[in-house]
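The values are calculated or read from the model by the stated rules, or taken from the named source; none is laboratory data. Owing to the predicted nature of the structure, the values given are computational and were not obtained by experimental measurement. Backbone-built Cβ (ideal geometry, glycine too); neighbour counts: all protein chains shown.
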Amino acid sequence: MTAPRHRQLLSREKATIFPANSNRYRREPKVADHTENSLIREIDEELRQEQFHKVWSRYGKIILVAAGLCVAAVAGYQFWVKYDLETRQALGDRFAAAQKLAETGSADAAAGAFKSLSGEGGGYGLLARIQEAGLLAKNGDTAGAIAAYNAIAADTGAGKLYQDLAVILAAGLEVNDPGTDPKKVQDRLAPLMAAGNPWRFSAQELAASLALRAGDKAKAVEIYSTLSKDAETPARMRQRATELLTILR
């Protein structure tokens with residue numbers, strides 16, 4: 001079997017540098033060292049090339065496929081970002097148009113626009129559901145509006161912030177709904193009255209109103225007193241609580 005090229009090269013170069021019965025090595029060690037270093041570098045380079053060819057022959061196709069997939073993934077991600085941005089902008093335009101219809105008195109057209117948007121999902125879809133329920137209430141369909149708000153409150157995909165908001169909005173209608181059980185509404189509001197909840201002040205005010213409706217004056221006074229003393233209570237709400245306390249005491 002023929003020896004690898006780098007071994008043949010090493011044997012040939014050694015014979016040239018160190019011929020038999022020669023004292024050249026002892027007389028010129030620096031030249032010999034330099035030549036041997038060059039030879040070692042050449043052999044090392046050849047070994048590297050052989051190793052590269054072996055690796056490439058085994059994994060070259062895989063490397064090319066992986067590189068292609070990487071390029072495709074980057075291109076796909078950039079396309080998705082552009083598409084997502086354009087989609088959200090389009091949904092935002094549709095939501096603004098539906099709001100304008102509602103503000104100009106085109107209730108039926110606005111309701112249809114919000115209903116169409118509510119099926120899109122995402123943030124605008126959720127806001128459209130809330131607006132759609134509000135239009136039902138505005139048009140006198142209190143039961144339909146309460147049912148729509150309760151559906152949002154039960155939807156875990158909506159997120160806690162909007163679920164709690166839906167509870168508040170439904171309770172705002174139920175306060176004056178003769179068919180509503182005040183105790184059940186108060187039970188739904190109770191978790192929202194805890195410190196740190198962003199809707200706690202609205203929940204407390206509604207709970208006080210429900211207590212009055214149920215004939216529990218003491219409970220109403222207790223809640224209004226808390227609202228009037230809390231420095232974080234919104235100014236107008238604190239003023240209402242103070243005025244009602246004056247009347248109830």
Could you look through segment 193-214, keep only residues that are in a loop (DSSP other than H, G, I, E, B) and free of Cβ contacts under 8 Å to residues at least 24 places away in the same chain, and pick out the one that is surrounded by the most Cβ atoms within 10 Å (Cβ to Cβ)?
Ala194
Step by step: first the residues of segment 115-171, then only those that are aromatic (Phe, Trp, Tyr) and closer than 26 Å to Gly196 by Cβ, then the one that is surrounded by the fewest Cβ atoms within 10 Å (Cβ to Cβ). Which residue is that?
Tyr162
Sort out which residues of segment 215-245 are more than 24 Å from Gly196 (Cβ to Cβ) and not in a helix (DSSP H, G or I), and write them in order of number.
Gly215, Asp216
Are any of the residues in segment 156-167 polar (S, T, N, Q) and in a loop (DSSP other than H, G, I, E, B)?
no
Determine whether segment 99-108 contains at least one residue that is crowded, with 17+ Cβ neighbours inside 10 Å, part of a helix (DSSP H, G or I) and either outside the structural domain of Ala166 (by TED's automatic domain parsing) or modelled with pLDDT under 80 (or both).
yes
